[in-house]
Amino acid sequence: MRALRICGGRPLCGSVKVHGAKNSVLPILAAAILASGVCVIHNCPDLTDVDAAVAILRHLGCRVCRQGETITVDSSTLKRMDIPDGLMREMRSSIIFLGAVLGRCGQAELSFPGGCELGPRPIDLHLSALRAMGVEIDDTHGSISCTGTPRGAELSLSIPSVGATENAMLAACCARGVTTISNAAREPEILDLQRFLRTLGADVRGAGTSTVVIRGGRRLHGGEHRVISDRIVAATYLSAAAAAGGAVELQGVERRMLLPVLDTLREAGCTVFGDEHTIFLRQRGLLQGVSPIRTAPYPGFPTDAQPMVMAALCRSCGVTVFVETIFENRFRQVPELLRMGADIRVEGRVAVVCGVPRLHGARLKAPDLRGGAALAVAALSSEGESLLTGLHHVDRGYARLERDLCALGAEIQRITL
Ligand code: UD1
């Protein structure tokens, strides 16, 4: 079994470059299916979720070449329109291939996606958007069978779902007519997808606002694109430096995508500043508890950053309340943090963290992707040694967690138990 051995208590100092965004590269790889030419996608992080997306593309018949952080996709050889259960279960984002395969082939056969560790993660909004676009869907017996070329429609999402917005955008590019998505998710990764689709020649506007308009039916050509940096990885490293103390510089991040997290860290006592593509954080001494943190769709406080910020605030002076509004089961890191001496009470979607002056190292198991990152953050700020297992979760979203943290002076190694 693989584990991270983390010796806590050392301040973090230095500079690292943040890798490309998982939540951007996955829909962009799916979008490459829509192009009749070759797509060259740069800044693709080396993640197991990216491996899963590449495996799906290859299964569909696309030619995929991966060289360092560049992935080249030639979908002119696409010959299948089904994604088998094994590949669908690898990651929840596999559902993002539905809109693309359907758009390209007018037919798609998938099973329900995996990755439900955050509580029920239904796909009803994805399916009702496609149904509104005239697609016939049979979703009985755990599989999803879709027929019909999508046509333009007025869509209104009851929740600004990231995945449903992306799926509808992909299907709409191939639809005849205009599609309007109201109450669309506004995440920066949606804007990145729009940029990529426009590079391919699609007429998509409005991403980043609540209304996205797609004039479909254009033939999409190949193109080249650079994926944006991962704001959640950046939030992880900033939380680690806030928790352990020190002075770090993150390069290649867009500061404006992280404003709620930066404001929280500032309120906790950190000095945070930067320019458009760099963030500096400096912290000495114990953090202060902050006013309630309520997760919300972008531009609110990201649910994906909540576990790491909570981990940082476990060792603090004062109380912080967390309200999780996006996912039902997003406090799975809490029992492990308690093992380290944290004082946290959870009631439904609310967690109350009473800061303690010190945490101690422990044997820890990552409960999910961001929960695992949160435990690494807590371990860096605790006294003594921690062993973190369950790394398959962490490797879904961090391409070089221990390498980057080592570069910042942390004592962290991947070992075999
Ligand atoms: C994406 C991100 C994930 C992030 C989440 C919220 C990717 C690959 N993943 O996930 O990291 O945590 O956004 O920012 O981009 N919902 C429904 N019905 C649906 C779809 C969603 O009820 O058909 C609900 C979900 O259960 C959840 C909320 O809507 O409560 C938001 O989910 P959504 O925005 O769709 O998240 P994902 O796209 O799965």
Quiz item: Does any residue in segment 208-234 that is on the phi > 0 side of the Ramachandran plot come within less than 6 Å, Cβ to Cβ, of a residue that is at pLDDT below 95 and of a type outside the set (A, V, I, L, M) six or more places away or on a different chain, and which pairs are these?
Solution: Gly217/Arg176
Quiz item: Could you count how many residues in segment 395-417 are within 20 Å of Ala244 (Cα to Cα) and in contact (Cβ under 8 Å) with a residue 12 or more places away in the chain?
Solution: 14
Quiz prompt | Out of Val377, Val309, sole residue that is outside any loop (DSSP other than H, G, I, E, B) and in contact with a strand residue (DSSP E or B) (Cβ under 7 Å, 6 or more places away or on another chain) | solution = Val309
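A quick yes/no check of all residues on (1) in contact with a strand residue (DSSP E or B) (Cβ under 9 Å, 6 or more places away or on another chain); (2) modelled with pLDDT of 95 or more; (3) surrounded by fewer than 21 Cβ atoms within 10 Å (Cβ to Cβ):
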site: Glu254; (1), (2), (3): yes, no, yes
site: Pro260; (1), (2), (3): yes, yes, yes
site: Thr278; (1), (2), (3): yes, yes, yes
site: Gln283; (1), (2), (3): yes, yes, no
site: Gln288; (1), (2), (3): yes, yes, yes
site: Ala296; (1), (2), (3): no, yes, yes
Quiz item: On the given criteria, is Pro260 farther than 16 Å from Ala374 by Cβ, more than 14 Å from the ligand (Cβ to nearest atom), assigned by TED's automatic domain parsing to the domain that holds Gly371 and not polar (S, T, N, Q)?
Solution: no
Quiz item: Take the residues of segment 35-70 that are without any contact (Cβ under 8 Å) to a residue 40 or more places away in the chain and aliphatic (A, V, I, L, M): which is farthest from the ligand (Cβ to nearest atom)?
Solution: Val64
Quiz item: Any idea which of Val334, Val350 is surrounded by 15 or more Cβ atoms within 10 Å (Cβ to Cβ) and either touching a Gly at 6+ places or on another chain (Cβ under 9 Å) or at pLDDT 95 or above (or both)?
Solution: Val334
Exercise. Examine segment 23-34 for a residue that is more than 16 Å from the ligand (Cβ to nearest atom) and modelled with pLDDT under 95, and state whether such a residue exists.
Key: no
Quiz item: Scanning for something at pLDDT below 95 and either aliphatic (A, V, I, L, M) or outside the structural domain of Ala175 (by TED's automatic domain parsing) (or both), does segment 67-80 turn up at least one residue?
Solution: no
Exercise. Would you confirm whether any residue within segment 129-138 is within 9 Å of the ligand (Cβ to nearest atom), more than 24 Å from His225 (Cβ to Cβ) and crowded, with 19+ Cβ neighbours inside 10 Å?
Key: yes
Quiz item: Does any residue in segment 322-335 that is of a type in the set (Ser, Thr, Tyr) and near the ligand (Cβ under 10 Å from one of its atoms) come within less than 7 Å, Cβ to Cβ, of a residue that is at pLDDT 95 or above and outside any strand (DSSP E or B) six or more places away or on a different chain, and which pairs are these?
Solution: Thr325/Ala296; Thr325/Arg349
Quiz item: Just one of Leu220, Leu265 is surrounded by 21 or more Cβ atoms within 10 Å (Cβ to Cβ), out of contact with any His (no Cβ under 7 Å at 6 or more places or on another chain) and not in a loop (DSSP other than H, G, I, E, B); which is it?
Solution: Leu265
Quiz item: Of all residues in segment 336-351, how many are free of Cβ contacts under 8 Å to residues at least 40 places away in the same chain and in a strand (DSSP E or B)?
Solution: 6
Practice problem: Could you tell me whether segment 157-166 includes any residue that is more than 16 Å from the ligand (Cβ to nearest atom), over 18 Å from the mean Cα position of the chain (by Cα) and hydroxyl-bearing (Ser, Thr, Tyr)? | Solution: no
Quiz item: Filtering segment 268-306 down to residues that are within 16 Å of the ligand (Cβ to nearest atom) and assigned to a strand (DSSP E or B), which residue is nearest to Ser382 (Cα to Cα)?
Solution: Ile293
Quiz item: Would you say Val73 is assigned to a strand (DSSP E or B), away from the ligand (no atom under 16 Å from the Cβ) and within 13 Å of Ala100 (Cβ to Cβ)?
Solution: yes
Exercise. Tell me which residues, restricted to segment 139-156, are of a type outside the set (Val, Ile, Thr) and within 13 Å of the ligand (Cβ to nearest atom).
Key: Asp139, Leu155
Quiz prompt | Residues (in contact with a Leu (Cβ under 7 Å, 6 or more places away or on another chain), without any contact (Cβ under 8 Å) to a residue 60 or more places away in the chain and not in a strand (DSSP E or B)) located in segment 352-371 | solution = Ala366
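The values are calculated or read from the model by the stated rules, or taken from the named source; none is laboratory data. On a predicted model such as this, the values are computed, not experimentally measured, just so you know. All Cβ positions, glycine included, derive from the backbone under ideal geometry; neighbour counts span all protein chains shown.
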